[in-house]
Amino acid sequence: MKRVRIERLMTDEKALFLAYDQGLEHGPIDFNANNIDPNFFLYIAINGKYNGIMAQKGIAEKYYENYHKKVPLVLKLNGKTNIYRGFPIAKQLCSVKKAVELGADAIGYTVYVGSPLEPEIFQEFGKIQEEAHDYGLPVIAWMYPRGRYVVNETSTSILSYAARVGLELGADILKMKYNDNLEEFRWIVRCAGDAKIIVAGGPKLGDKSFLQKVKDVMQTGAVGMAVGRQVWQHESPMKMTAAIKKIVFDNADVEDAKALLK
Ligand code: FBP
C-alpha cells in the first residue's frame with residue numbers, strides 16, 4: 001500500500017471543499033442561470049483556492065480537463081438521483097482507475113449507514129477503499145444515515161455511530177451533516193478517531209446563520225467544511241468563500257467574517 005497523501009488536501013490541518021454533485025443528487029432545481037454552468041463552479045473553486053472540488057466523472061471529463069490540477073479533484077465514485085425510490089443505495093459509477101486517469105487527488109463515496117442494503121454498500125466501499133489506498137489516494141466517505149430503520153438522520157446517536165463506522169471501514173475523511181449541537185458534535189468527532197470530519201453545507205441559510213454554523217463546527221474538532229449550495233447559490237460566491245475561509249483558517253469570529261460580505 002502506498003502512503004495515503006491526505007496532506008495535499010489540507011492547509012495547516014484544515015480544509016474547505018466545494019461540492020458540485022447536486023445536479024445528480026437533487027437535479028437542476030438547485031441551479032440558476034449562472035451556477036448551472038460547471039465553469040462557474042470551477043471559477044469559484046480555483047479563484048477561491050479551495051482545498052478541492054467534489055464532482056462526478058462527467059463534470060471531470062468535460063470541464064476539469066480544462067483546469068487540470070488548478071484545484072485538487074475529489075472524484076465522486078457513486079451517486080443516485082432523488083427520483084429513485086428504492087432502499088438507499090448509490091452504486092459505483094466510476095472506477096478508481098478512471099479517477100486516477102482524470103487526475104483525482106482523492107475519491108468520494110456515499111455510505112448510507114443503516115440502509116437495508118448496507119451489506120452491499122459496505123462490501124463495495126471496502127473494495128474501493130483498498131483500491132484507492134493502493135494508489136495512495138485518500139478516501140472521503142459521505143457518511144449519511146438513511147432508510148426506514150433510521151428514525152432521525154441527524155440525531156447525535158446515529159451520527160456518532162456513522163462516524164465510528166466511517167473510521168472502521170477505513171475512510172480518511174468523513175463528510176457528515178451537522179446536528180446543530182456543538183457539545184454533542186464533539187462526541188461525534190471523538191467517535192471518528194483519526195478519521196477527519198468535514199461538515200456538509202446543507203440547504204441555503206441566511207449569511208449569519210450559516211457563518212455561525214461554520215464557527216460552531218470549527219469548535220468541535222472537525223477539520224473543515226464541504227460546502228455547495230451555500231456558496232454557488234450565494235449572490236457573491238467569492239465574498240462568501242472569503243468569509244468562510246476567515247473562520248475555517250483564521251479562526252475569525254462570525255462578525256469579522258460577515259464583514260467580508262459587504
Ligand atoms: P450541500 O453543501 O449543497 O448541502 O451539499 C452537500 C451534499 O453532500 C452534496 O455533496 C450532495 O449532493 C448532497 O449533499 C446530498 O445530500 P442529500 O442526500 O441529503 O440530498
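The values are calculated or read from the model by the stated rules, or taken from the named source; none is laboratory data. Note that the structure is predicted; figures quoted are calculated from it, not measured. Heads up, the Cβs are rebuilt from the backbone with ideal geometry, glycines too, and the neighbour counts pull from every protein chain shown. These area figures cover heavy atoms from the full protein model, side chains too; ligands, DNA and RNA do not enter into them. Shrake-Rupley method; radii C 1.70, N 1.55, O 1.52, S 1.80 Å.
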- Task: For region 155-192, enumerate the residues that are closer than 18 Å to residue 212 by Cα and open to solvent by 40 Å² or more (accessible area, probe 1.4 Å).
- Result: 177, 180, 181, 182, 183, 184, 186
- Among the residues of region 148-159, is any of a type in the set (Val, Ile, Thr), within 23 Å of residue 258 (Cα to Cα), at pLDDT 95 or above and within 11 Å of the ligand (Cβ to nearest atom)? no
- Meets criteria (within 20 Å of residue 6 (Cα to Cα), modelled with pLDDT of 95 or more, of a type in the set (A, V, I, L, M, F, W, C) and part of a loop (DSSP other than H, G, I, E, B)) for residue 226: no
- Task: Being open to solvent by less than 40 Å² (accessible area, probe 1.4 Å) and either β-branched (Val, Ile, Thr) or within 14 Å of the ligand (Cβ to nearest atom) (or both) is the filter; apply it to region 1-13 and report the residue that is farthest from residue 239 (Cα to Cα).
- Result: 4
- For region 14-40, name all the residues that are over 17 Å from the mean Cα position of the chain (by Cα), closer than 12 Å to residue 231 by Cβ and within 14 Å of the ligand (Cβ to nearest atom). 35
- Mind telling me which of the residues 16, 24 ends up being open to solvent by less than 10 Å² (accessible area, probe 1.4 Å) and either of a type outside the set (S, T, N, Q) or in a loop (DSSP other than H, G, I, E, B) (or both)? 16
- Quick one: in region 229-244, of everything that is away from the ligand (no atom under 11 Å from the Cβ) and part of a helix (DSSP H, G or I), which residue is nearest to residue 174 (Cα to Cα)? 244
- Can you name the number of the only condition in (1) among the aliphatic types (A, V, I, L, M); (2) open to solvent by less than 50 Å² (accessible area, probe 1.4 Å); (3) within 24 Å of residue 23 (Cβ to Cβ) that residue 205 fails? (2)
- Note on the structure: Expected output for region 184-213 (first residue part of a helix (DSSP H, G or I), partner basic (Lys, Arg), Cβ below 8 Å, 6+ apart or cross-chain) is 191/164; 207/258; 208/258; 210/204; 211/258
- Message: Under 9 Å between Cβ atoms, which residue pairs at least 6 apart in sequence (or on different chains) link something in region 233-252 that is without any contact (Cβ under 8 Å) to a residue 60 or more places away in the chain and open to solvent by 20 Å² or more (accessible area, probe 1.4 Å) with a partner that is assigned to a loop (DSSP other than H, G, I, E, B) and not basic (Lys, Arg)?
- Response: 236/261; 239/260; 239/261; 246/252; 246/260
